[in-house]
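**Q** Before we start, here is the structure in question, set down as structure tokens.
Read the figures in this text as sums done on the coordinates, not as results from a lab. The structure presented is a predicted model; accordingly, all values stated were derived computationally and were not measured. Note that each Cβ is placed from the backbone with ideal geometry, even for glycine, and that neighbours are counted across all protein chains shown.
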Amino acid sequence: MNNKQEMTYPLGTRPGDGEALEVCDGVLWVRMPIPFKGLDYINLYLIEDDDGWTMVDSGYNSEEIKTLWVQIFDKYLKGKPVTRLICTHFHPDHMGLAGWVCEYWSIQLTMTFGEWTFGRMLYLESGGEVPDHLIEFNKKVGFTENMLNMVRKGGFSFFKNAVHNLPPSFIRIEDGQEISISGNSWRVIVGKGHSQEHACLYCEDKGVLISGDQVLPRITPHIGVYVSEPSANPLEKFLNSIDKLSSLPEETLVLPAHNDVFIGLHNQLIYYREHHAERLLRLKNACGSPKTAFDLLPILFERELSENNQRLAVAEGLAHCHYLVGTGELERITGADGVWRFQIAQNVKTAVA
Ligand SMILES: [Zn+2]
């Protein structure tokens, strides 16, 4: 594990708005803005096929991005149509314009079952008043009354606004499936932890991995526990997914969804392991007495967090706590106030025959 490979960014440049840059033969890189602070751009890719293009991810739902796409369609597709849209996962910066792209080109959306159903569920569920179960979950997590009011005020339409008419049907892809594009085979590698059933695409012939949000340079993918699965253990799933990607060659050119195209996959996977191990250790040391996920924020994050970032950070803190509950090192107790607290497990787990 000591022979760390340097992270390199071989292109040394990025495509501008409304432009595409050839990453390798037949693969174009496009960048689109995201209307959030901190996550300013998403990378999207176009793979040339014999009679069209396969597009990977669609961008956030906005009029500006639709206009940029039309510019790119006109300028870079050599007169050929987009014949397939694969979305790596349901997050709105990836899936937001899926419905619009599918309508524009009269095609069906291609995704894993877990991602399409989860995105479709959120799309149908969202809208109207904030439901009671979300408030109850946030109370358990330890939100202050002030933050609960913010949640109520924020409404429940975020996902519906962030995506354009999410397609009611799809084409399923699965882990290990090979997709043929212009004679090259692209293997679907499903990763978990960041989202339900995230699809990465690996082309051995080209030595290229389109990694979505599963592997990102410079930052770690967000791994959080949310209301739909309050006892989830996504960090365990994420670390298992890393094992899968470690078998790809070290020199693989990685095309991530944020930041720059890079070489250094193994380096980044080792960094993720070290990063999470260090945070888990900090948590264990802090849980000598019971702590809420909120109490643990300064243990996990050195910087000041905005209120919105606090919510993401609490989700991330819960993911780390649940990992340690999974290993039996911490236990989650519910206080008389209904709030979850984590502490060093009092009863050592014994094997049950
Ligand atoms: Zn994501």
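**Q** Give me the net charge of E204's neighbourhood, meaning all other residues with Cβ under 13 Å from the Cβ of E204; Lys, Arg count +1, Asp, Glu -1.
**A** -1
**Q** Between Q343 and D40, how high is the FRET efficiency from 1/(1 + (r/R0)^6) when r is the Cβ-Cβ distance and R₀ = 41 Å? Nearest 0.05. Could you put the intermediate results ahead of the total?
**A** On the way: r = 39 Å, r/R0 = 0.95.
So the FRET efficiency works out to roughly 0.55.
**Q** May I ask which of K66/K160; K80/K192; K78/K160; K66/K237; K78/K244 have a Cα-Cα span longer than 29 Å here? All intermediate terms of the calculation are to be shown ahead of the outcome.
**A** Values: K66/K160 17 Å; K80/K192 34 Å; K78/K160 34 Å; K66/K237 34 Å; K78/K244 36 Å.
Pairs exceeding 29 Å: K80/K192; K78/K160; K66/K237; K78/K244.
**Q** Take the alpha-carbon centre of the range 265-319, take the same for the range 89-104, and report the distance between them in whole Å.
**A** Result: 31 Å between the Cα centres.
**Q** Here is a follow-up. On a 0 to 90° scale, report how tilted helix 265-286 is relative to the longest principal axis of the chain, with both axes built from alpha carbons and the result rounded to the nearest 10.
**A** 20
**Q** Taking amide H positions as placed 1.01 Å from N in the peptide plane, with prolines and chain starts having none, which residues 5 or more places from S246, or on another chain, fall under 5 Å of its amide H?
**A** HN-HN under 5 Å from S246: empty list.
**Q** Determine which aspartates and glutamates satisfy two conditions relative to K291: a Cα distance under 20 Å, and not lying fewer than 8 residues away in the same chain.
**A** Cα-Cα hits under 20 Å: E136, E145, E278, E302, E304, E307, E316, E329, E331, D337.
**Q** Considering only the other residues whose Cβ falls under 11 Å of the Cβ of P33, what net charge follows from Lys and Arg at +1 and Asp and Glu at -1?
**A** For residues surrounding P33, the net value is -3.
**Q** Among the DSSP beta bridges whose two residues both lie in the range 43-143, what percent are antiparallel, rounded to the nearest 5?
**A** Around 40 percent of the beta bridges assigned by DSSP in the range 43-143 are antiparallel ones.
**Q** What ranking of V27, V215 emerges when the number of other C-beta atoms within 10 Å of each C-beta is taken as an exposure proxy, fewest first?
**A** Fewest to most other Cβ atoms nearby, the residues stand as V27, V215.
**Q** Follow-up. Mind checking which of G193, G99, G335 has the largest fluctuation in a GNM of the chain, springs on alpha carbons under 10 Å?
**A** Of the options given, G335 has the highest mean-square fluctuation.
**Q** Sticking with this one: For S157 and S246, what is the calculated FRET efficiency with R₀ set at 45 Å and r taken between the beta-carbons, to the nearest 0.05?
**A** E between S157 and S246, to the nearest 0.05, is 0.65.
**Q** Moving to a separate point now. Considering Cα pairs under 8 angstrom that are at least six residues apart, work out the relative contact order of the range 286-352 and quote it in whole percent.
**A** On the way: 66 pairs, mean separation 26.2, N = 67.
Over the range 286-352, the number comes to 39 percent.
**Q** Here's a follow-up. Could you tell me how many degrees, from 0 to 90 and to the nearest 10, lie between the Cα long axis of helix 113-125 and the main elongation axis, the longest principal axis, of the Cα atoms of the chain?
**A** In the chain, helix 113-125 runs at an angle near 70 degrees to the longest axis.
**Q** While we're looking at this one, here's another question. Test of understanding: what is the full-extension gain from S289 to K139, defined as 0.36 nm times their sequence separation minus their Cα-Cα distance?
**A** Between S289 and K139, full extension yields an extra 52.0 nm.
**Q** Could you compute the net charge surrounding K291? Neighbours are other residues with a C-beta less than 13 Å from the C-beta of K291; K and R count +1, D and E count -1. Mind dumping the intermediate values first?
**A** Details: positive: R282, K284, R332, R341; negative: D295, E331.
Cβ neighbours under 13 Å give a net charge of +2.
**Q** Got the relative contact order for the range 1-145 handy, in percent, Cα pairs under 8 Å and 6 or more residues apart?
**A** Taking the mean separation of contacting Cα pairs over the length of the range 1-145, I get 16 percent.
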